[in-house]
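**Student:** One structure follows; several queries about it will come next.
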Amino acid sequence: MKRPYLVLGSILWLSALAFTFLPSWPHIYYRLSPQTPEVLAQTLSQTQDAPSDRPTSDTKAESPLPPVDLSLPKENGLIIESIGVRGEIHQGDDWEEILKTGIWQVPNFGSPKENDQPIILAAHRWGYLDWTSQFRHLNSFYNLPTLSIEDKIIINWNQRQYIYEVYEEEVGEKITNYSADLILYTCQLWNSPIRIIKYAKRIN
């Protein structure tokens, strides 16, 4: 009779141990393999292509701009309440350095104001060892897998607020739908080329 209880107790103890160390696993992994964030940054930069079927201004209708709201911050930012993201959007071609600062707007695609092409935003899931837990919570896409269909995404851009709604999601190595107004993506695992990708349409 004691053996089943011993086995059950061992399973429960190991489960508790796993849940205790799970939040720290990325830190341990990055300590053992410090080049991993740079490798992931490179694969993040290669997730999007320049497909021939990308929408152009001739095929995608122009949407009216939301009104200017001077109470909004001057910095362009991303807010996703359902997963706790609230970070500044950074622009530029130096993806390796920009991803260290949080959310990267992929260049040569759209912006909220110019929506003839999709806006594409990328961020690390686990980030870097020198990120604080608070910064990671606000600026990483750690919880992007839990972002659901019909969840809302807000982009504050030049003190105008744009609202989007998730309508499609996929897991793969490349973006396949460039008809979306907004595309978010991040890595699925620490050392895998597979990406979690969310597609959204503007609703305001």
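The values are calculated or read from the model by the stated rules, or taken from the named source; none is laboratory data. For clarity, every value in this text was computed on a predicted model and none was experimentally measured. We place every Cβ from the backbone using ideal geometry, glycine too, and count neighbours over all the protein chains shown. Areas reflect the complete protein model, heavy atoms only, side chains present, ligands, DNA and RNA absent. Shrake-Rupley method; radii C 1.70, N 1.55, O 1.52, S 1.80 Å.
**Student:** Set the Förster distance to 25 Å, then compute FRET efficiency between residue 176 and residue 150 from the Cβ-Cβ distance, nearest 0.05. Don't skip to the end; give the middle numbers.
**Tutor:** Working: r = 21 Å, r/R0 = 0.83.
Given R0 = 25 Å and the Cβ-Cβ separation, E is 0.75.
**Student:** Rounded to the nearest whole Å², what accessible area per residue is found for the range 119-204 with the 1.4 Å probe?
**Tutor:** On the way: 3530 Å² over 86 residues.
Averaged over the residues of the range 119-204, the accessible area is 41 Å².
**Student:** Tell me the label-point distance for the pair residue 69, residue 82, using the 7 Å Cα-to-Cβ offset, in nm and rounded to one decimal.
**Tutor:** Distance between label points: 1.9 nm.
**Student:** Report ³J(HN,Hα) in whole Hz for each residue of the range 168-178, in order, from the Karplus equation J = 6.51 cos²θ - 1.76 cosθ + 1.60 where θ = phi - 60°; Gly and Pro get x.
**Tutor:** Running phi through 6.51 cos²θ - 1.76 cosθ + 1.60 with θ = phi - 60° gives 7, 8, 7, 10, x, 8, 9, 5, 10, 10, 9 Hz.
**Student:** Of all the accessible heavy-atom surface of the range 94-179, with the other protein chains kept in place and a 1.4 Å probe, what percent is carbon and sulfur?
**Tutor:** Details: 1720 of 3790 Å².
Here it works out to 45 percent.
**Student:** Need the full-extension length gain, residue 134 to residue 189, defined as separation in residues times 0.36 nm minus the C-alpha distance. One decimal, nm. Don't jump to the answer; show the numbers that get you there.
**Tutor:** Details: separation 55, 0.36 × 55 = 19.80 nm, distance 2.10 nm.
Gain on extension, residue 134 to residue 189, equals 17.7 nm.
**Student:** For a paramagnetic label modelled at 7 Å from the Cα of residue 159 toward its Cβ, which residues of the range 101-130 fall within the zone defined by backbone nitrogen distances under 20 Å?
**Tutor:** Residues 112-114 fall inside that zone.
**Student:** Within 10 Å, count the other beta carbons around each residue, average over each peptide in 146-152, 174-180, 161-167, 197-203, and list them highest first. Let's see the in-between values first.
**Tutor:** Numbers: 146-152: 13.4, 174-180: 16.6, 161-167: 18.7, 197-203: 20.6.
The peptides rank, most packed first, as 197-203, 161-167, 174-180, 146-152.
**Student:** Please list, ordered by chain and number, the residues whose modelled amide H lies under 5 Å from the amide H of residue 119; skip anything fewer than 5 residues away on the same chain.
**Tutor:** 110, 182, 183
**Student:** For the range 49-173, just the Cα set please: Rg and Dmax, both in angstrom.
**Tutor:** In order Rg, Dmax, the Cα atoms of the range 49-173 give 14.9, 45 Å.
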